[in-house]
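Have a look at the structure below, then the notes.
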Amino acid sequence: MNSQDLCRDAASRLRARDAAACGAVGRSVVAALDAAFAAQRAGGARIACAPGCAYCCHQRVGVFAYEAVALLQQMRSTLPLAEAGAIERRILVNASTIDGWTPEQHRAANLRCALLVDGRCAAYAARPSACARYHSLSRARCEHSFDHPEDIGTPRNSRPALAELQELGNSLDSAMEAALADAGLPATKTELHQTLRALLKDSSAWPGLTPSSTP
Ligand code: SF4
């Protein structure tokens, strides 16, 4: 299925506006990016990413609203209640911290993602497409970028990513924006924690979301 078909199918499913549809679409987008990644790796792409390396999980991430629903549903339906509750509390703390920053300050802060647990994403199968498309070609450059946020915006700060996956992710975003707008759904990306906080406070627009265990 190409990007246009995948996103048309997604928009049609998302018209249901429920958590199950968001989860299915989120996982299908991640699966498409993972399949493209596997093909690149099989073709000899020199990927530096490895389990436990999480420099990129300290960056600013933008998500569509449906991706945040998918992420929360994945977390609540697969993690022990106490772990999901701890992550939800971290989401609220991070969102409130980010409220006081400009996007540039956030990008320079190396703020650890609330979903990062023991070096891994707690909702990996439904992680945002911005995360699934990112595969580094140099761990040393990621490390330098992490250690020297003052270099942000300069060539010294660049993190070399696998271009084919970035291009596929961008093309999926464009097709998804059009499809979401057609379906009358939010089609603009917003910051991950702030989007999740809005959902934690009021998820009535997305029926079927597993309830939180946190008070
Ligand atoms: S959502 Fe998951 S993959 Fe994305 S930054 Fe957070 S921990 Fe990392």
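Net charge within 10 Å of ARG156 by Cβ-Cβ distance, Lys/Arg positive one each and Asp/Glu negative one each, not counting ARG156 itself? Provide the component values of the computation, followed by the final result.
Numbers: positive: ARG141; negative: GLU150, ASP151.
Taking every other residue near ARG156 into account, the sum is -1.
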Proximal charge balance of ASN2 [Cβ under 15 Å; K/R count +1, D/E count -1]: -4
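For a quick check: sort THR195, THR78 by the number of other beta carbons within 10 angstrom, fewest at the front.
On the way: THR195 25, THR78 15.
Ranking THR195, THR78 by Cβ neighbours within 10 Å, fewest first, gives THR78, THR195.
For region 135-202, what is the convex hull volume of its Cα atoms per residue in Å³? If you can, show how the numbers build up before the last one.
Details: hull volume 8.5 nm³, N = 68.
Dividing the Cα hull volume of region 135-202 by its residues yields 124 Å³.
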Give, to the nearest whole percent, the P(r) tail of region 28-105 beyond 15 angstrom, counting all Cα pairs. 74
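I need MET176, MET75 ordered by Cβ neighbour count within 10 Å, fewest first. Before the final figure, lay out the partial values.
Numbers: MET176 26, MET75 22.
The most exposed by this proxy come first: MET75, MET176.
Taking the Cβ of PHE146 as the center, what net charge do the other residues with Cβ under 13 Å away carry, scoring Lys and Arg +1 and Asp and Glu -1? Don't skip to the answer; put the middle values down first.
Values: positive: ARG107, ARG112, ARG139, ARG141, ARG156, ARG159; negative: GLU143, ASP147, GLU150, ASP151.
Computed value for this residue: +2.
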Of PRO128, PRO186, PRO155, which is the most mobile in a GNM of the chain whose springs link Cα atoms less than 10 angstrom apart? PRO155
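Please give me, ordered by residue number, the chymotrypsin sites (Phe, Trp or Tyr not before Pro) of region 87-141 that lie in loop per DSSP and have at most 15 other Cβ atoms within 10 Å. Show your work: numbers first, answer last.
Numbers: sites: TRP101, TYR124, TYR134; in loops: TRP101, TYR134.
Filter output for region 87-141: TRP101.
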Work out Dmax and Rg for the chain from the C-alpha atoms and quote the Rg first, both in angstrom. 16.9, 49
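Could you give the size of the charge dipole of region 73-198 about its Cα centre, using +1 on the Cβ of each K and R and -1 on the Cβ of each D and E, expressed in debye and rounded to the nearest 20?
Working: 14 positive and 15 negative charges, 68 e Å.
Using Cβ point charges on Lys, Arg, Asp and Glu, region 73-198 gives about 320 debye.
All of the numbers you see were taken from the coordinates with simple rules; none came from a lab. This structure is a prediction, so every number in the text was calculated from the model and none was measured. Please note: Cβ atoms are built from the backbone with ideal geometry, for glycine as well, and neighbour counts cover all protein chains shown.
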